[in-house]
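One structure below.
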Amino acid sequence: MTAELERHYRRLLAAYPQEHRDRHVQEMIAVLLAGAEPGRRWPALRDAYDVVRGGLAIRLHRAADQGSRRHWREAADVAALIAPVLLFAAMMLRAAVYAWSAARPPVVPGELLQAAELAGYALPYGLVALLVWLGRARAATVSAWTFAILHGLESLRPPSLGASHVVTDGAILVMGEPVVLSRIGTAVLPMVLCAVMLHLAPSPGPAAVGSGRLLIWTAALLGAAVTGGMIGRGPVAVAPPLIVLLVMGVTLLRSPAGRRTLLVLSPLPAPIAGGLPGAGAVAQTLVIGLPAAAVLGVTGWLTRTGRVKESGE
Amino acid sequence: MQEPTFLILTALAAGPQHGYGIITDVLRISAERVRLRAGTLYAALDRLEREGLVEAGQEEVVDGRARRYYRLTSEGESRLAEEAERLRRNAETAASRLRARHPRPALSVALPGGVV
């Protein structure tokens, strides 16, 4: 029975950083077993919670260490560039899917126009990415906020245009559907995320990953997105860019700054995928926005506080 | 300084103790009020060790069970002394103001059994 309880405790201790576990696992097991009432097979819920929470607290402390602050700064820098690139690629994929189906006979000129419009909506993200790449962080930040405001105003506009669809950022609204104030949240969120990431990054740019590698990734991602849009719809269209993303992800996982970059970018997939299917606009904004705020808040704290010994500059 | 931290340092002020020893000692010091759980204790010890207030000794095996003794460093000692002094001053201020609130005859009524 003790062996069983011990096994459960060992599993919970996975919450602790490896180096802490190597040093303290035996004595912690001893303390946990000494504190458990006799005959117990499973850890009490409160003990289990406390063990895991302690591990996470230690991990958080490690994350806030001076050595790792540098990695966080690098991660914030790269994430501020990758975020607009990802959104740009996602929207180009959408435009490509649409263009390809519109180009098949019977060709309706209006549909082609809309494909072009969709591509047009992707351009702001492209521009922000380009500005970051060129080292024009301030210009990129100002542009991101400007576009966010424009997107917001756009989403307020009643759908009384000539076209049969009103296309807003990330969603196609069939004409006649009422445009509600709450939609503003989902409309501006992706651009606001880009803008906030730009604020968090001390000096946005590809430095930590290397501009050569990032250039190859971006080209591959855009190529894959457009190819995907041409070869099919749905899962088929998404497959090529997902493969590129997977390669990017695995590469990032291999370095400390890369792992942190993935974490900083974690709020992005939800708005790219269109959020929760069927959820209302307000719920959508909250479900995506609150975790995003939490992730970016912690990132901000880790990149903007504490002193880091920096050479030069 | 949070209370569990204060109590852990207080437990170690009596001499080096191992993890479970700290838990039982803290329980005693706090009159059964603070029951530290292992996760809380080890997260606190990790932080205190990094701040240089506590030092971990070698792991040893007693009755087939691993244990490691922790002891207060001199820095930990002075931090604990500072904190104890601060708490003492606060408690004194509180007590003297309470005394001023109630004229002498009322004190024994207001605080039956005597608090201090």
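The values are calculated or read from the model by the stated rules, or taken from the named source; none is laboratory data. Fair warning: this is a prediction, and the values are worked out from it, not measured in the lab. Note that we place each Cβ from the backbone using ideal geometry, even for glycine, and neighbour counts take in every protein chain shown.
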Do we find that A:ALA95 is modelled with pLDDT of 85 or more, assigned by TED's automatic domain parsing to the domain that holds A:VAL298 and in contact with a helix residue (DSSP H, G or I) (Cβ under 7 Å, 6 or more places away or on another chain) in this structure? no
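Listed here are the residues, each with its yes/no results for (1) more than 11 Å from chain B (Cβ to nearest Cβ); (2) of a type in the set (Ser, Thr, Tyr); (3) touching a Gly at 6+ places or on another chain (Cβ under 9 Å).
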{"residue": "A:ALA34", "(1), (2), (3)": "no, no, yes"}
{"residue": "A:PRO38", "(1), (2), (3)": "yes, no, no"}
{"residue": "A:ALA44", "(1), (2), (3)": "no, no, no"}
{"residue": "A:HIS61", "(1), (2), (3)": "no, no, no"}
{"residue": "A:ARG69", "(1), (2), (3)": "yes, no, yes"}
{"residue": "A:ALA90", "(1), (2), (3)": "yes, no, yes"}
{"residue": "A:ARG94", "(1), (2), (3)": "yes, no, yes"}
{"residue": "A:TRP100", "(1), (2), (3)": "yes, no, yes"}
Hey, among the residues in segment A:14-28 that are in a helix (DSSP H, G or I) and more than 9 Å from chain B (Cβ to nearest Cβ), which one's surrounded by the fewest Cβ atoms within 10 Å (Cβ to Cβ)? A:GLN18
Look at A:GLY54 and say whether it is farther than 28 Å from A:ILE272 by Cα, assigned to a helix (DSSP H, G or I), out of contact with any Cys (no Cβ under 6 Å at 6 or more places or on another chain) and within 11 Å of chain B (Cβ to nearest Cβ). yes
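Would you mind listing the helices (runs of 4 or more DSSP H) fully within segment A:222-309 where at least 2 residues are modelled with pLDDT of 80 or more and over 26 Å from A:ALA99 (Cα atoms)?
A:235-253, A:256-265, A:281-304
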So, first residue buried (at least 23 other Cβ atoms within 10 Å of the Cβ) in segment B:34-47, second residue of a type in the set (Asp, Glu), Cβ within less than 7 Å, six or more apart or across chains; the pairs are B:ALA38/A:ASP50; B:GLY39/A:ASP50
For segment B:26-70, which residues satisfy the criterion of being within 11 Å of chain A (Cβ to nearest Cβ), aliphatic (A, V, I, L, M) and assigned to a strand (DSSP E or B)? B:ALA56, B:VAL61, B:VAL62, B:ALA66
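Looking only at segment A:217-241, how many residues end up being exposed (fewer than 13 other Cβ atoms within 10 Å of the Cβ) and on the phi < 0 side of the Ramachandran plot? Give the derivation first.
First, the residues of segment A:217-241 that are exposed (fewer than 13 other Cβ atoms within 10 Å of the Cβ): A:219, A:234-236.
Pick out the ones that are also on the phi < 0 side of the Ramachandran plot and you get A:219, A:235-236.
Within segment A:217-241, residues that are exposed (fewer than 13 other Cβ atoms within 10 Å of the Cβ) and on the phi < 0 side of the Ramachandran plot number 3.
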